[in-house]
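Working notes for the structure below.
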Amino acid sequence: LLMLVMKIYPFGDHTLLYGDGKQLISLYASIFDIVKHPDQLLYSWNSAMGTEMLEVSAAYLFSPLNYLLLLFKDNILLGFHVIAGLRLSLAAFTFCIWLNRKEGLRVFSRAMLGTAYAYTGFTITYLTNTSMIDGAVILPLLALGVARIYEGKGVLVYVLSMIAAILTGYRLIAMFTLASVLIYF
């Protein structure tokens, strides 16, 4: 709904996405070639000036949500926006799950706070860095898992959130481990 009101593509000519010229521009340029020509997965001379893109792709594009891009071969920009919107929606949803522990909060309040969490400056700033946004989706579940451990209710939610972090990308593991310790104390 916010993307519709803000006239963000495909509802208008604005965009949430931008290119990070220092780090991600060659990666996103290679995605267009990889989606349209899967045989260029391991090496892409024209997109990254001859660099091997497999490690960079694994670091930033390991999230299962990124595979949805394959459904948008004809309109990759639309695919990026749909997946970005899905990530923001999931971040709001998982924050609402975490807020569900708080008594006295009505559904409307949880929805508004979840939306505010999803559209924080951090999330919008790092929208092109997929592993960071997946971290914003998983963090409320991690906090819920730590709270359940603290309350003696088991480790399942915590373990599942750490598995999701592993599936998303290895860079989140160190941050989530540190966050777990800080949340616990």
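Taking the protein heavy atoms of segment 100-147 in the context of the full set of protein chains, the accessible area attributed to carbon and sulfur is 64 percent at 1.4 Å. Report note on the peptides 96-108, 131-143: ranked by the mean count of other C-beta atoms within 10 Å, highest first, their order is 131-143, 96-108. The relative contact order of segment 63-143, computed from alpha carbon pairs under 8 Å that lie at least 6 residues apart in sequence, is 35 percent. Residues in segment 138-149 carry Karplus couplings, in order, of 7, 3, x, 5, 4, 4, 5, x, 5, 4, 5, 5 Hz; the curve used is 6.51 cos²θ - 1.76 cosθ + 1.60 with θ = phi - 60°, and Gly or Pro positions show x. Compute, for Lys73, the solvent-accessible surface of its heavy atoms (probe 1.4 Å) with the complete set of protein chains present, and express it in square angstrom to the nearest 10. It works out to around 90 Å².
For the peptides 151-163, 111-123, the ranking by mean Cβ contacts within 10 Å, running from highest to lowest, is 111-123, 151-163. Couplings 3J(HN,Hα) for segment 70-86, derived from phi with the Karplus relation 6.51 cos²θ - 1.76 cosθ + 1.60 (θ = phi - 60°), are 5, 6, 10, 4, 7, 9, 5, 4, 4, x, 4, 5, 4, 5, 4, x, 5 Hz, where x marks Gly and Pro. When each of the peptides 178-185, 84-91 is scored by the mean number of other C-beta atoms lying within 10 Å of its residues, the order from highest to lowest reads 84-91, 178-185.
The values are calculated or read from the model by the stated rules, or taken from the named source; none is laboratory data. Computed from a predicted structure; not experimentally measured. Every residue, glycine as well, gets a Cβ built from its backbone with ideal geometry; the counts of neighbours run over all protein chains shown. What goes into the accessible areas is simple: the full protein's heavy atoms, side chains included, and nothing from ligands, DNA or RNA. Shrake-Rupley method; radii C 1.70, N 1.55, O 1.52, S 1.80 Å.
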